[in-house]
1. Within the range 68-175, which helices (runs of 4 or more DSSP H) (wholly inside it) include 2 or more residues that are more than 23 Å from Tyr56 (Cα to Cα)?
2. Buried (at least 17 other Cβ atoms within 10 Å of the Cβ) and touching a strand residue (DSSP E or B) at 6+ places or on another chain (Cβ under 9 Å) - does that describe any residue in the range 73-88?
3. Out of curiosity, is Ile146 surrounded by 15 or more Cβ atoms within 10 Å (Cβ to Cβ), within 16 Å of the ligand (Cβ to nearest atom) and either closer than 24 Å to Gly93 by Cα or modelled with pLDDT of 95 or more (or both)?
4. Is it the case that the range 79-89 has a residue that's over 16 Å from the mean Cα position of the chain (by Cα) and charged (D, E, K, R)?
5. Gln73 - would you say it is within 16 Å of the ligand (Cβ to nearest atom) and in contact with a Lys or Arg (Cβ under 6 Å, 6 or more places away or on another chain)?
6. Go through (1) on the phi > 0 side of the Ramachandran plot; (2) touching a residue at least 60 places away in the same chain (Cβ under 8 Å) and name the single condition Gly37 misses.
7. Looking at (1) within 19 Å of the chain's Cα centre (by Cα); (2) in a loop (DSSP other than H, G, I, E, B), which is the one condition that is false for Glu35?
8. Restricting to the range 60-90, name every residue that is out of contact with any Ser or Thr (no Cβ under 7 Å at 6 or more places or on another chain) and within 22 Å of Ala172 (Cβ to Cβ).
Amino acid sequence: MGAREIVFIPDSPIATMPLKTAFKGEVKYLQVLNEKGKLDKKLMPKVSAAKIKKMYEWMVLTRIFDDTALSLQREGRILTYAPMRGQEAAQIGSAFALQKGDWMVPCFRENGAMMMRGFSAENLYMYWAGDERGMIIPEGSNCLPIAIPVGTQTVHGVGIAWASRLRKEKTAAILFRRRRNIKRGLS
Ligand SMILES: Cc1ncc(C[n+]2csc(CCOP(=O)(O)OP(=O)(O)O)c2C)c(N)n1
């Protein structure tokens, strides 16, 4: 539809309203490896083949966890579930950047990254089925429990980072959060 197209609203005191454009945009993205398997060697970061394989294994496990969870949810065997299909690389890559002792603050789609920090798939399914014992934090994982309220992860992550700085610890903190809560002014 063109920007000047007229929409008729029956029984309205204003007979016609112009159709306006609220948003026009483009999303730029960079691919190191494209969907046909073509690699840009100049863009390829220095990562060993063994590490890439390990990351890929975690991504596949994340996808399997997610597909299974969605099926369980559709069957009514688990409750509300936020899927993560298409976000595997973002979370597994981020979790790989962490070292032991670093902190992770998940939102609600980071099941793959949480498994990397030591949560079992079984416990995560328990959590999504409403059993809070599934969210018992694995010893030494330095991972916070899932926080559903959007926007809260920012204060948790920044708070941990500040605490580390004040204690002069050399630990990093990574937080996962969602996109739209920025626009809604929640954080
Ligand atoms: C404070 C708060 N308000 C409302 C919700 C309900 N809620 C859950 S997910 C969601 C949408 C989040 O959208 P976005 O930030 O774009 O995240 P994405 O869909 O990409 O995961 C909302 C409103 C919530 N979790 N927390």
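1. Numbers: elements: 88-97, 111-116, 121-128, 152-166.
Helices (runs of 4 or more DSSP H) meeting the threshold: 121-128, 152-166.
2. no
3. yes
4. no
5. no
6. It is condition (2) that Gly37 fails.
7. The one condition Glu35 does not meet is (1).
8. Selection gives Thr62, Gln87, Ala89, Ala90.
The values are calculated or read from the model by the stated rules, or taken from the named source; none is laboratory data. If you're wondering where the values come from, they're calculated on a predicted model, not measured in any experiment. Quick reminder, even Gly has a Cβ in these numbers, built from the backbone with ideal geometry, and neighbours come from all protein chains shown.
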